[in-house]
1. Output yes when any residue across the range 262-276 is in a strand (DSSP E or B), of a type in the set (Ser, Thr, Tyr) and surrounded by 14 or more Cβ atoms within 10 Å (Cβ to Cβ), and no when none is.
2. When you go through (1) over 30 Å from Arg226 (Cβ atoms); (2) surrounded by 11 or more Cβ atoms within 10 Å (Cβ to Cβ); (3) at pLDDT below 90 one by one for Arg91, which number turns out not to apply?
3. So Ala206 ticks every box in (1) touching a Cys at 6+ places or on another chain (Cβ under 7 Å); (2) surrounded by fewer than 21 Cβ atoms within 10 Å (Cβ to Cβ); (3) part of a strand (DSSP E or B) but one. Which box is left unticked?
4. Considering only residues of the range 62-80 that are more than 18 Å from Lys101 (Cβ to Cβ) and buried (at least 16 other Cβ atoms within 10 Å of the Cβ), which is modelled with the lowest pLDDT?
5. Being closer than 14 Å to Gln242 by Cβ, in contact with a helix residue (DSSP H, G or I) (Cβ under 6 Å, 6 or more places away or on another chain) and without any contact (Cβ under 8 Å) to a residue 40 or more places away in the chain narrows it down to one residue among Ala191, Ala196; which is it?
6. Pick from Val130, Val171, Val175: which is modelled with pLDDT under 90, out of contact with any Ser or Thr (no Cβ under 9 Å at 6 or more places or on another chain) and not assigned by TED's automatic domain parsing to the domain that holds Ser258?
7. Out of the helices (runs of 4 or more DSSP H) lying entirely within the range 13-79, which hold 1 or more residues that are closer than 22 Å to Ile266 by Cα, of a type in the set (A, V, I, L, M) and assigned by TED's automatic domain parsing to the domain that holds Leu106?
8. Please go through the range 94-114 and pick out each residue that is β-branched (Val, Ile, Thr) and surrounded by 14 or more Cβ atoms within 10 Å (Cβ to Cβ).
Amino acid sequence: MSDATQIFAIRDFNRFYTARLGLLRRRHLDGEFSLTEGRMLYEIWANPRLTASNLRGILGLDAGYISRLLASLTKRKLVRQAVSKADSRERLLSLTQAGEKKMAALNRQSEQQIEELLQGLSGEERERLVASLGVVRSLLTAQKSSEVQVERLRDVTDEVLDLLQEYYEAVGVMVRDTPESVREIVDDPDAGVWIATLNGKIVGCAYLHSLPSMPGATECKRLYVRPSARGKGVAHALLDAQEAFAKGRGFKRIYLDSKDDLRVAIGLYQRRGFVACERYNDNPQATVFLMKEIAETPKKALRRP
């Protein structure tokens, strides 16, 4: 198939799905918001303590355009902007009570729209559709993430500690690690800190540490990707590296905890096979507990005739 044929096929599909999902309408889901406004409300709802510059990086939109839309949403009392204590030049974005209600309505409308799209499909056809979407996302993400590199740390640098501090501030972590405790994890042969770089710049981190009270188990902590690098496969690359290490060290399960408001992160974990489990720690901020089995299921021996 020639390049021209491939390009035509993708453009033809783009025309199909934009019309099928109603993306060409003046207002998103025939409501009061444009598609861009609806997406901005979603990102602010899904990412606590998001800043205007973070939002610009996630959506890839012009700073002036983002600023004008944020001003409009703020004037309509849907978005609240507060000065960041860490950087007075930044504004922390959150939804007002009215904004939360509007977002809940948008979520219901969107779910209803997709449910109607799926009504004519059998269970098997739905599975094929979702799997195909995953293939598309995986291929396009792989294209973007070709420069992502992940390595297990051998030493703790100021740059790594600064990244962890950025994570603490972004998520509002109360119980924070000391430089000494991070070094202990780096030096532990059954644990580790992983750093992701994109085009030579540090953009993400995550670490594992064992759970002594739970034999065969390890815990994923501090998974963080800088807003400018999101959507490029960084989080998947970090989790892939962790899982490969955990399997190599003989662990059978990976646990993690999160908070209800970290909806995007929870969705990522669920797509990677994590399932709900009982509380396993005393983290005062955690409200969601997940676990993934990573031990390979032994294949049944074939009986000879």
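The values are calculated or read from the model by the stated rules, or taken from the named source; none is laboratory data. For clarity, every value in this text was computed on a predicted model and none was experimentally measured. Counting neighbours? That spans all protein chains shown, and the Cβs are built from the backbone with ideal geometry, glycine included.
1. So the first thing to find is which residues in the range 262-276 are in a strand (DSSP E or B), and the list is 275-276.
Going one step further and asking which of them are of a type in the set (Ser, Thr, Tyr), we end up with none.
No - not one qualifying residue is present in the range 262-276.
2. In the conditions (1) over 30 Å from Arg226 (Cβ atoms); (2) surrounded by 11 or more Cβ atoms within 10 Å (Cβ to Cβ); (3) at pLDDT below 90, Arg91 misses (1) alone.
3. Every condition holds for Ala206 apart from (2).
4. Ile66
5. Numbers: Ala196 fails: without any contact (Cβ under 8 Å) to a residue 40 or more places away in the chain.
Result of the check over Ala191, Ala196: Ala191.
6. Result: Val130 is the single residue among Val130, Val171, Val175 that is modelled with pLDDT under 90, out of contact with any Ser or Thr (no Cβ under 9 Å at 6 or more places or on another chain) and not assigned by TED's automatic domain parsing to the domain that holds Ser258.
7. Hits in the range 13-79: 35-46, 52-59.
8. Listed by number, the list holds a single entry, Thr96.
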